[in-house]
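Colleague: Here it is, the structure, as structure tokens.
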Amino acid sequence: MNERRVRRAPSWIIDFETDEGLLDEDALNVIILFTEVDPLTYKEVVKSKKWRDAMMVEIESIKKTWELTTLSEGVKPIGVKWVFKTKLNENGEVNKYKARVVAKGYAQ
């Protein structure tokens, strides 16, 4: 094996946090931070004011951008779904809760 080889992490891994060099207590905080999961269902979301507020921000944005109309005869509507994501800042603290309505493009 070549001992002069410089080992570097792959470029895609820079987005991941590791517990290397952290104290045990800090490593535990990192684990706790990453165990909080974004909601997957509407039932989970309606229980939380922060997520309901994020949904209202998205709805207001849609109202400003789009005009509601009726579909033409014979046109099949494309379904939508909600996607929820917790956005973190560079310190790993919650920056905002983001809710988006996305088209179910696979159903076209």
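Colleague: Over the alpha carbons of segment 40-108, what is the largest minus smallest coordinate on each principal axis, giving the biggest first in Å?
Modeller: Here the spans come out as 51, 25, 25 Å, largest first.
Colleague: Output the pairs from Lys50/Lys76; Lys43/Lys85; Lys47/Lys85; Lys47/Lys76; Lys43/Lys98 with a Cα-Cα distance over 26 Å in this structure; if there are none, say none. Intermediate values should be presented prior to the final figure.
Modeller: Details: Lys50/Lys76 34 Å; Lys43/Lys85 16 Å; Lys47/Lys85 16 Å; Lys47/Lys76 32 Å; Lys43/Lys98 17 Å.
Beyond 26 Å: Lys50/Lys76; Lys47/Lys76.
All of the numbers you see were taken from the coordinates with simple rules; none came from a lab. Small disclaimer: the values here were computed from a predicted structure and weren't measured.
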